[in-house]
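Only the coordinates and a few stated rules stand behind these numbers; no lab work does. Owing to the predicted nature of the structure, the values given are computational and were not obtained by experimental measurement. Glycine also receives a Cβ, built like all others from the backbone with ideal geometry; neighbour counts cover every protein chain displayed.
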Amino acid sequence: MTRSETRQTRNNMDKVMRELSLKKEAPKSAFILLVILYIIATVFTVIASRSEGYTTLFDNRVQYASFAGVFSSLSNMCIICLAVLFRRVGFITALIFQLLQVPMMIINIFVRHVTTNLPGLFMNFFTLVAVIVIYLSYQKVLRYQQNIRDQAVRDRLTGLPNRFAISEFMEDLIKHNEKFAVVSIDLNDFKSINDTMGHETGDIVLCEVADRWARLSELMKGSINVFVARITGDEFMFIIRGYEDEADVEKTIITFRTELERKMTIDDCDYFITACYGYALCPTDGRNIDSMFAYSNAALHEAKRMSISNYILHFKADTLNSEKSKETERKVREALENNSISFNLQPQYDINHKLRGFEALARMKDSEGNIVSPAEFIPVAEKAGLIDQVDMRVFEQAMEFLSDVLRAKKDSDIIISCNVSVRHLMKNNFIDEIKNVIVKYQVPASHIEIEITESIMIDSLEKALQRIDEIKEMGMKVAIDDFGTGYSSLSYLNNFPSDLLKIDKSFIDLMNTSDSSKQYVATIISIGHILNLNVISEGVEDEAQIETLKQIGCDYIQGYVWGRPMPKDEALEIVFS
């Protein structure tokens, strides 16, 4: 594949991704209403300015012409609302209205000698300046957003779309009721290439795989379309559209498999790359983004478990019920029955090392006292419908800890941050559960922060906004966890009533070795501050990272550099030290 062909393929994928994130504006009906209101106010301004009659107001005689300023102010207010609510279209409309109105006022003043228009002329001039300032400010924010988006949707190594982009693409397809297949791919034995030939060779292999598949997706465009993305490491993903039946999906995957398995020559060494493939169909297998990711990945893992190097497997409902998942689910149920779900606390500090509070993290031991990794039991608890019980066990213990702190140190401003799953948040009795625990331990809601993942902004935005409003009305804070790794678009974030953005550890890890990663983190912080949000960086592990975060204006730090997750007794020592 030539460089020009590669560039053309990348450009075509850019076009697709640019179409995925249209910003939401106020409804058209509001635009029409403002225009009509502006026209009415302008007409009454003209009528009032030309009237020579009088009326009585509070026992005083008042000229009708005096009301011209009132109607003029109303029209100016409509102009400003247009510029604020409708961005470019609103700005152009407001500008046209103002540029039409100013000459009319000048004619009235200097030709017809209607001096009552004189104050309105200056007011219109200042309104025009305000509209221009509003538009320029919006353009600045838009540039920041575009900068973040450009980096957020693109895999830095291969140039392919990443998980963020493919999530938005799926959202768009689901919104328009299009059927599609999600294919999860994992290259076989890729680790051995990195270990034996070095990571540089491994990167070249990944780029070659990406180029082959991107080129093939362009050649196939027609009845069947394939969107190619790199998820992480040696994992890729396809979105297949335009197929007639499942046989078409498998034929398409086989075509890409054949292209992958052609001999690859790098530095005079020949490589033969194979992969396993798992796929799920929308809407047959799932109807939302999370389930499509989960089901295609489950099919992939089952395909790899079969140890067939180029196997293609369609998701089946029982794929999720592997023996390991069943065993982990049993352990979670036992832990809930035996009250052995516990928690650790990881401290959060401001940039000057002043304690902000703690994040409560779920911990679990099995019946033999062995620690079960959260990365293992949390996903299983979610699939088994047990995550809300896990959330509440941790929340109650965290509130007990907070109560102990506030009893001993009444002036403490400590904040306890608790994770809540999307499933739990959407339960009808979620607010009642939280309220009952808060009342039980008599803790102020202002000391509590609820952490949610950004996927909620895609899956159930309307209900999410309603639920978050209820949380905020209680006085609690809201944090968006792992920001930048998943699905959210900034148009959602702008309207989302949160208090804190948490930058994911993956970006912090690369910050001091990659200028683009550092710029990405800096841009997220800037956007957060523009939206009046505080920003905390997770996974900070050394002083060099702290110095960089200080330079780019980060508000808070969380990570091993200043504190690992710890039992509550150690956390109490930090609070009272």
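Structure above, values below:
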item: Neighbour-count order for ILE224, ILE480, fewest beta carbons within 10 angstrom listed first; result: ILE224, ILE480
item: Derived scalar couplings ³J(HN,Hα) [segment 554-567; Karplus, 6.51 cos²θ - 1.76 cosθ + 1.60; whole Hz; x for Gly, Pro]; result: 5, 8, 9, 10, 9, x, 4, 4, 10, x, 7, x, 9, x
item: Low-density loop cleavage sites - GluC sites (Glu not before Pro) in segment 226-288, where at most 12 other Cβ are within 10 Å (DSSP); result: GLU244
item: Hz values of 3J(HN,Hα) by residue in segment 181-191 - Karplus curve (6.51, -1.76, 1.60), Gly and Pro given as x; result: 10, 9, 10, 9, 10, 10, 5, 7, 6, 5, 4
item: Sparsely packed trypsin sites (Lys or Arg not before Pro) within segment 311-380, loop by DSSP, other Cβ within 10 Å at most 10; result: LYS354
item: Charge dipole magnitude, Cβ of K and R +1, D and E -1 - segment 156-320, Cα centre, debye nearest 20; result: 300 debye
item: Signed unit charges on C-beta, dipole axis of segment 233-380, positive-most listed residue THR328, CYS276, HIS353; result: HIS353
item: P(r) of segment 156-320 over all Cα-Cα pairs, binned every 5 Å from zero, in whole percent; result: 2, 9, 19, 22, 22, 15, 8, 4, 1, 0
item: Neighbour-limited loop hits for GluC sites (Glu not before Pro), segment 343-386 (at most 16 other Cβ within 10 Å; DSSP other than H, G, I, E, B); result: GLU368
